[in-house]
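Student: Submitted below is the structure of interest, expressed as C-alpha cells.
The values are calculated or read from the model by the stated rules, or taken from the named source; none is laboratory data. Computed from a prediction, not measured in an experiment: that's the story for all the values here. Heads up, the Cβs are rebuilt from the backbone with ideal geometry, glycines too, and the neighbour counts pull from every protein chain shown. These accessible areas exclude ligands, DNA and RNA; they are computed on the full protein's heavy atoms, side chains included. Shrake-Rupley method; radii C 1.70, N 1.55, O 1.52, S 1.80 Å.
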Amino acid sequence: MRPVTIALAILGIAILCGSAVQANPAVRWPRLRDLKSGSGEPLEKAGLSTAELKLVRAALNDLANGKGCQGANVQSCDAPESVFLAKVKITTDGRTAVILRAPSLDCGTTGCPIWVIQTSGKVLVDDFGWGYLVLPSHEHRYFDVVTATGNHRVGLAMWSFDGDHYRVIRCASTEATDQPGPPPQVSEQSCPVSMQ
C-alpha cells in the first residue's frame, strides 16, 4: 500500500470512531404535553434497594461537590436533597435509572438542575430543565432522552448514549402555548458549543 492510501484509511477509521453516535433525524421530537415534570417526592419513595439508594446518594454528593452545581443560575443545586420524579427502564435489557431534580421552587428561566442517575450510581444526564421524556429510540441499548428548558420559547435537547456516556446530539426549540389547535412547529437548530 502507498503511504497516501494508508493515511486515508487511518483518517477514515478515526472519523468513524469519533462519530459513534449520530443524530437520527427520523427520531421525532415529542410534543410539549408529553414531557414529564412535577413536584417530585423524597428519594426514599423511589423503591430502590438499600444498596441502590446508597449508590444514588453518593452520586448526588459527587454532583454537589463537583462541577455539576458550579455556575448554576440557582442559589444551590441541593443535589443531596434532590427530589425523585421517576424510576425508568433506561436500557433495552431492563437496567433502571432514577430521574431527579433539585428541590428549589424558584429555578430561573432555564429550570432546575435535573439528573438521570443509573441505580448503579452512574450519572447519565446532568442538565437544567423543567421536563424530560425517555424515548423508545436507543443507542448501545440505552434509550434516548429529551430534556426541555425555558418558558415561552422552549429549548429541547436530545441525549443519546455513545457507549460510554450520554451526550447531546440534537437541539430544537418551540413555542410554549396552551392554545387549541395543532401544536407549534419544532425548529431544529445547532446545539450550543457548551452542550457538545
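Student: In nanometres, what is the gap between the two model label sites at E188 and H140, each 7 Å from Cα along Cα-to-Cβ?
Tutor: Label at E188, label at H140, 2.3 nm between them.
Student: In terms of solvent-accessible area of protein heavy atoms at a 1.4 angstrom probe, what is the ranking of E41, E139, highest value first?
Tutor: Largest accessible area first, the residues go E41, E139.
Student: Something else about it: What lysines could a cross-link reach from K45, if we take a straight Cα to Cα line under 23 Å and drop same-chain neighbours fewer than 8 places away?
Tutor: Hits, sequence-local ones excluded: K36, K54, K87, K89, K122.
Student: Label 7 Å along Cα→Cβ of S37; segment 111-137 residues with amide nitrogen under 12 Å?
Tutor: 111-112, 129-132
Student: How many times 2.2 N^0.38 Å is the alpha carbon radius of gyration of segment 149-189? Numbers along the way, then the final one.
Tutor: Working: Rg = 13.0 Å, N = 41, 2.2 N^0.38 = 9.0 Å.
My calculation over the Cα atoms of segment 149-189 gives 1.44.
Student: Would you check the accessible area of D164, probe 1.4 Å, heavy atoms only, in square angstrom rounded to 10?
Tutor: Solvent-accessible area, nearest 10 Å²: 90 Å².
Student: Continuing with this model, one more query. What figure, in Å² to the nearest 10, do you get for the accessible area of T149 with a 1.4 Å probe and non-protein molecules left out?
Tutor: 40 Å²
Student: State the percentage of accessible surface on segment 112-196 attributable to carbon and sulfur atoms; use a 1.4 Å probe and exclude ligands, DNA and RNA.
Tutor: Values: 2150 of 4040 Å².
C and S fraction of accessible area: 53 percent.
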